[in-house]
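Taking it in order: structure first as structure tokens, then the write-up.
The values are calculated or read from the model by the stated rules, or taken from the named source; none is laboratory data. Note that this is a predicted model, so its numbers are computed, not measured. Methodologically, a virtual Cβ is constructed for each residue, glycine included, from the backbone with ideal geometry; neighbour enumeration extends over all protein chains shown. All accessible areas refer to the heavy atoms of the entire protein, side chains included, with ligands and DNA or RNA removed. Shrake-Rupley method; radii C 1.70, N 1.55, O 1.52, S 1.80 Å.
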Amino acid sequence: MSFNDYGRMPLRSNVDMQLQTAFSDGNWNAVIRLADKRAKSLKDPYYEAIKICAESQLDGAVGKSSVLTAIDELVRKKTVPDIDTLELYEWAAWDFIGGEIEYADTLGPLRVRWAKANPKSPMAIQCLRSCLEYWDLVSAQQISTALDRAYVNSGDRRHMFWSITLTFLLSISPQCSESSRKVYSLLVLKQLERAAEVTENATKVDVNDRGLQTEEEVCLYYRVLLANGSKADFIKRVQCPKLGALALLEKGHKLLFWESLKALETWGEWDLIYDLCRRALRMGVDGVTTPFFVCDWLVWKRFATAASKSATPESALEEVQAILRQYFAMDIKTAAMYKKNLSLALLETTFQLPGRSQALDDGHKGMTPRVIQLGLFLQQYFDKLSAFEDVKAYVADLSFEEAKTLMEEILPKLLDGKSDKPQQFILKSFASKLRYLLTTCPQTLSRHPSVVDGKDQSEPYQCRLCSQLTSFPCRHCLKDIVMEAACTYQQISKDKDLISSIPRLDKDPRLDLAMVIGTSILKLARLRTKDHSLTRPPMRGVDAGLLLQATLILDTQLKETPKDNGLRLLLVQLHLLLGSASIAYQLWIPMDVKRTIQDALSPLFFDRISTLSPGLFHGSRPLMEPLRTHYRNTLRDACPLKIWEAFLSGSYTSILGMNEYDSTLRRSCTMMMSMVEESRATRVFGGKGDGEIADQQLLWKITDDTTLVHQTDYGSFPNLESHHGPPFQDFVRLGPGLSNERSHLSFLAEQFADLLGYKPPKEYKPAKTHEAALRDRTYTLERLSQLANSLTTFLHAPNTPTLLTGPETTYFSVASLLASALVTCLSTSRGDPSPKPLASATQSIRAALAALRSEFTHAVATQASPCLAMADMHTLSYLRDTALAVRHAAAFVLALHDKELARDRSGKSALHRDVVAEMKALEAVAGKAVAEARAHVQRTKETLGEAGWLDRLLELTFAGGGGEDMEKAVLGVVGGDMAEAEDWAGRLLESWREGVKGWVAVKWE
Amino acid sequence: MANFRRFRPDDLNKLSKCNLDPLTETYELGFYLQYHAKWPSLFQVAEDQNGNIIGYIMGKLESSPEVYKFSEHYLPWHAHITAVTVAPEARRLGIGRLLSEQLEVAADANDAWFVDLFVRSTNHKAITFYKNMGYSIFRVVKDYYGDHSTDPTQSSEDAYDMRKPMKRDVKKEHVRDDGENHAVDPSDVW
């Protein structure tokens, strides 16, 4: 059939039916015969083109390349090609574009040539579209300029803006040469300034003039002005009567106002922000716009911030409050959202006003206007789901005295005022969250001498809330919080009336309480509380019992509130830490993370998953397939999805946004993660997968210079922490999140593994074996040098040490050392002097491997309990990978040596004997490490298979350092008896057993 | 707290609060971008103080293809609400209503006759919400949905095509009181 992924190719309408049918049916031999006949009889070169295209559809290499030759000839001819022929060739060459030929060097310029000669033909627009589809911006810009010139007096304004948009896109694209960049940047700015002047100076709007008329056109101008113009010009223009931000606001267009505020904030132009916000908000009061059109939270926040930065902050903030009062006084029905925005704006201005942290009464330091305003806000909104997020930052900024007053006076007063029982409990659970928040704020602690009588004190602070000596955060307060929250939780659980009222509430207060209890216990378990470094294994030094208690509570809560995705996401992380990856996966699946949201959310489960639980890759459905499909579908074409629709609709700012999004998605860390995880998992089971990682089409354009971008969405992840410390995901994640550096290193390490594991196809039997062997060696040496350089560059980047877990650092370092060592090995022949750099490299490799082995052995030996045997599989995984990389590298060198010996009996081309000796030694060391790792898996399997596990696990869970009273409290929260805990422990155990099964299936050779 | 603004493609990285909710469908990237490309002012979002999207509306302006001009089912120039969603934590604050009202303002600005939308006939909460906003049932599209939201034994469910007249429809020619009695097939909906 005459279809390819580019669609069906219609022939010219005057082509006879017989040929049309043969072409349409894909009967290529008939097409060749008929077209040849017609070409000869009609002397029309179009038939020759049909014949070439038909030949290109056949299997033979010569026929396939004939279309490329024909295109090349057209390019060289410098004449205007026939458009139908061009269309045919483009269709036939579809498979070769981006590979054998570049569109921008071939078909793009041919399209330009034709469009310039026929700018008024509708096919000229088709030429532009084709260039855009292949994202050939150089050609597209030239065509759009030709179209603009052709239609300059026609009244069709879109060509002008297509040309401007494309010139701008080209100026910011890597496709633009450095010499042209400046010219295009200036050109596009001048064009738009001219258009802006036309509009500003026009007495009336003429729909055909070349000014800026639509919101999209105006906003395009400002985007270009921001990118290529001066700050002064932007500031001047944004205040203009016709094209200024307020002028557009008056017409109901908010986009420019928003974008202007953002730009002005970047420049610190607070006086202008103040003026714009004031005038914009007044427009709502004065009826110029609909009342709440600009009443967004960010507008109020910027207005208040700008006021606080003015020369006279008192009076400026008074003005903010005066406008706020006018809004409050408006006699119209207002959406609850806007009412809340106004209340928060009032809170914000109170926090911005100087002196508002001063007590109203000297005798009561904590009762400040800020605290009073917080109390007023909470009185109205404490029962809303978002109340905690709304006030969190303000509470965290209170002084200790203010916070104490809020907790000990304001909240109890609010509680006293509530006769409604559910409301009382909502307030209690809210207070628990605030109390936890305060444990994350440094102002609740005072320094205590860290050294007393020459001895380091383990508790260098005194908690100002409970007066106890403590480390950070205060363990005593955390324990109190757990006890109190658990008590409240049990009160709710026992009260049938309360339970029945929960569906009518905004949120189940038990969920908040369970979250407070869970996070507090996790902190008490010392999960990354001593050292926030994410590079260290999270489970070292952790109180396993407490960690298990927290997980038990949260798991049990999920049964009550299964729709809470925050809780679910937290549990996913906890189970990944505990090594119960199959439970994590069961928790992950119901969230139905699919299609578009995968890029931002998948790292929350899939990152490092092959190192934790390779067995998951052997499930009923391919683990990474949905991600792979997403990237394949969305990045199939070279151009951003739906870009032509945006051009046709005149959505110029959308074009810029879509281009940026597309560029980011093509450099996505998540995309790289999905490829790397799949490649690693395939290797782990000894498979070959879909070939080498670098052959994956989506990664073709990723070079060392590509900055890979991560956009992980933690928006739904629970976070009760204040802004004084890291967010909660940093406490529970296995290691540092995705990064450009780790993504590149992982990619390079996979390429290194692919190179070592490469086996030529069986059919490959070169005629000249000696030459082929030399070529292979040269290629291998070149690749190894590249990989060594790249790995070293990324490893030595300033931030890299903080972006990798310890085992990752070791693995990538060893890969880098091995690549360098192999270069030395392969370039040192038997007759050369002994290669000195090799000894130093192999010594470092041995040392790194030994360090990783000892780290793992130490971890196993010091494990809180054999129950946590599955909790450090990440280290085990990298121990295996590192050892196997060494082993494979050594085997690679020795195999080459043997091959050379077999090929060249003189031994001249064989490797140096020191090389051989070093490699044999390395192979032995690596083999030992592999055996150890394998034995550990076997031991773990046996241990987990022993009887009495359930009791051991429960014993460990309830032997945490929290004390008997806390264990009792925890048990109370999960139902009061051991039944729930036993059921939970059984599932956990089952998951570990399932996990170890996956590890047993791993290949160790 | 919330801000209302136009959708930007990078908002797709901040959708978890809305799209992890089982009531919100997640589409292919092209679907979102199509709306952003063709009707950018009708794709509005509400964001919280951390930039998370806590609500959004996707709408379009169109009429039925010209070829159906003389069909009784022809739809003149109108705005259509394709999707509207609010994150669980941001419900009961009027965000859905505000987003819908913003789309209606855009519909009026573009001289649309009416705004319409489709809703499952068993989604009583949504039907009441829209009725309170001035929408009424114009017709029932039989077996429009390929599944049933409340009854797993059924393989399909009807949709209500609800409409609200815009300023252009002075005589209220494009709405009717007895829409529940006007049933059409899915093939009559373009």
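Results, tabulated for the structure shown:
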quantity: Tally, over the stretch B:28-45, of residues that are closer than 18 Å to A:Glu645 by Cα, buried (at least 22 other Cβ atoms within 10 Å of the Cβ) and more than 7 Å from chain A (Cβ to nearest Cβ); calculated: 5
quantity: Every pair of residues 6+ apart whose Cβ atoms lie under 6 Å, when the first sits in the stretch A:890-914 and is closer than 16 Å to A:Thr769 by Cα while the second is of a type in the set (Asp, Glu); calculated: A:Ser909/A:Glu900; A:Ala910/A:Glu900
quantity: From the options B:Glu25, B:Glu89, residue that is open to solvent by 10 Å² or more (accessible area, probe 1.4 Å), closer than 24 Å to A:Thr561 by Cβ, charged (D, E, K, R) and part of a loop (DSSP other than H, G, I, E, B); calculated: B:Glu25
quantity: Residue check for A:Thr444: open to solvent by less than 50 Å² (accessible area, probe 1.4 Å), out of contact with any helix residue (DSSP H, G or I) (no Cβ under 6 Å at 6 or more places or on another chain), farther than 24 Å from A:Ala316 by Cα and not hydrophobic (A, V, I, L, M, F, W, C); calculated: no
quantity: Test: A:Arg608 is of a type in the set (Lys, Arg), more than 10 Å from every other protein chain (Cβ to nearest Cβ) and crowded, with 21+ Cβ neighbours inside 10 Å; calculated: yes
quantity: Of all residues making up the stretch A:539-556, the number that are open to solvent by less than 10 Å² (accessible area, probe 1.4 Å) and either among the acidic types (Asp, Glu) or within 13 Å of A:Lys523 (Cβ to Cβ) (or both); calculated: 4
quantity: Test: residue in the stretch A:803-824 that is surrounded by fewer than 22 Cβ atoms within 10 Å (Cβ to Cβ), more than 26 Å from A:Ser909 (Cα to Cα) and out of contact with any helix residue (DSSP H, G or I) (no Cβ under 9 Å at 6 or more places or on another chain); calculated: no
quantity: Residue count, the stretch A:160-191 (criterion: open to solvent by 20 Å² or more (accessible area, probe 1.4 Å) and under 15 Å from A:Trp135 (Cβ atoms)); calculated: 3
quantity: Members of the stretch A:946-960 found to be of a type in the set (Gly, Ala, Ser) and open to solvent by less than 60 Å² (accessible area, probe 1.4 Å), listed by number; calculated: A:Gly948, A:Gly960
quantity: Any helices (runs of 4 or more DSSP H) falling wholly within the stretch A:207-281 and containing at least 3 residues that are crowded, with 20+ Cβ neighbours inside 10 Å; calculated: A:215-228, A:245-250, A:255-267
quantity: Close pairs from the stretch A:779-805: first closer than 14 Å to A:Gln751 by Cβ, partner among the acidic types (Asp, Glu) and surrounded by fewer than 17 Cβ atoms within 10 Å (Cβ to Cβ), Cβ under 6 Å, at least 6 apart; calculated: A:Ser790/A:Asp704
quantity: Test: residue in the stretch A:20-40 that is open to solvent by 70 Å² or more (accessible area, probe 1.4 Å) and not charged (D, E, K, R); calculated: yes
quantity: Complete set of residues in the stretch B:12-21 that are outside any helix (DSSP H, G or I) and within 7 Å of chain A (Cβ to nearest Cβ); calculated: B:Leu15, B:Leu20
quantity: Complete set of residues in the stretch B:46-74 that are more than 10 Å from chain A (Cβ to nearest Cβ) and crowded, with 24+ Cβ neighbours inside 10 Å; calculated: B:Tyr56, B:Ile57, B:Met58, B:Gly59
quantity: Leading residue by the ranking (farthest from A:Thr214 (Cα to Cα)) among those in the stretch B:1-11 that are of a type outside the set (D, E, K, R) and facing another protein chain (nearest Cβ under 7 Å); calculated: B:Met1
quantity: Of all residues making up the stretch A:391-417, the number that are of a type outside the set (S, T, N, Q), surrounded by fewer than 18 Cβ atoms within 10 Å (Cβ to Cβ) and part of a loop (DSSP other than H, G, I, E, B); calculated: 2
quantity: Helices (runs of 4 or more DSSP H) enclosed by the stretch A:550-614 - at least 1 residues per element that are touching a residue at least 40 places away in the same chain (Cβ under 8 Å) and among the hydroxyl-bearing types (Ser, Thr, Tyr); calculated: A:581-588, A:609-612
quantity: Residue pairs meeting the criteria (Cβ under 6 Å; at least 6 apart or on separate chains; first closer than 16 Å to A:His936 by Cα and basic (Lys, Arg), in the stretch A:845-861; second modelled with pLDDT of 90 or more and in a helix (DSSP H, G or I)); calculated: A:Arg853/A:Ala929
quantity: Any hit, the stretch B:140-162, residues being farther than 30 Å from A:Phe382 by Cα, within 14 Å of chain A (Cβ to nearest Cβ) and surrounded by fewer than 20 Cβ atoms within 10 Å (Cβ to Cβ); calculated: no
quantity: Only one of A:Lys559, A:Lys563 that is within 14 Å of chain B (Cβ to nearest Cβ) and either modelled with pLDDT under 95 or open to solvent by 10 Å² or more (accessible area, probe 1.4 Å) (or both); calculated: A:Lys563
quantity: Residue check, B:Asn110 open to solvent by 50 Å² or more (accessible area, probe 1.4 Å), touching a residue at least 40 places away in the same chain (Cβ under 8 Å), among the polar types (S, T, N, Q) and within 14 Å of chain A (Cβ to nearest Cβ); calculated: yes
quantity: Residue among A:Leu376, A:Leu360 that alone is more than 28 Å from A:Ala245 (Cα to Cα), modelled with pLDDT of 95 or more and more than 10 Å from chain B (Cβ to nearest Cβ); calculated: A:Leu376
quantity: Residue within the stretch A:130-148 that is in a helix (DSSP H, G or I), open to solvent by 10 Å² or more (accessible area, probe 1.4 Å) and farther than 21 Å from A:Leu107 by Cβ present; calculated: yes
quantity: Test: A:Leu698 is out of contact with any strand residue (DSSP E or B) (no Cβ under 7 Å at 6 or more places or on another chain), in a loop (DSSP other than H, G, I, E, B) and open to solvent by 10 Å² or more (accessible area, probe 1.4 Å); calculated: no
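Matching residues to (1) within 14 Å of chain B (Cβ to nearest Cβ); (2) part of a helix (DSSP H, G or I):
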{"site": "A:Phe292", "(1), (2)": "yes, no"}
{"site": "A:Cys295", "(1), (2)": "yes, no"}
{"site": "A:Thr305", "(1), (2)": "yes, yes"}
{"site": "A:Ala311", "(1), (2)": "no, no"}
{"site": "A:Glu319", "(1), (2)": "no, yes"}
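Yes or no, residue by residue, for (1) closer than 29 Å to A:Glu215 by Cα; (2) open to solvent by 20 Å² or more (accessible area, probe 1.4 Å); (3) at the interface with another protein chain (Cβ under 8 Å from one of its Cβ atoms):
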position	(1), (2), (3)
A:Gly579	no, no, no
A:Ala584	no, no, no
A:Met591	no, no, yes
A:Leu601	no, no, yes
A:Ser620	no, yes, no
A:Arg628	no, yes, no
A:Ile643	yes, no, yes
A:Ser654	yes, no, yes
A:Gly657	yes, no, yes
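Yes or no, residue by residue, for (1) open to solvent by 70 Å² or more (accessible area, probe 1.4 Å); (2) modelled with pLDDT of 95 or more; (3) touching a Ser or Thr at 6+ places or on another chain (Cβ under 6 Å):
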residue	(1), (2), (3)
A:Ser739	no, yes, no
A:Phe752	no, yes, no
A:Gly757	no, no, no
A:Lys768	yes, no, no
A:Arg775	yes, no, no
A:Thr780	no, yes, no
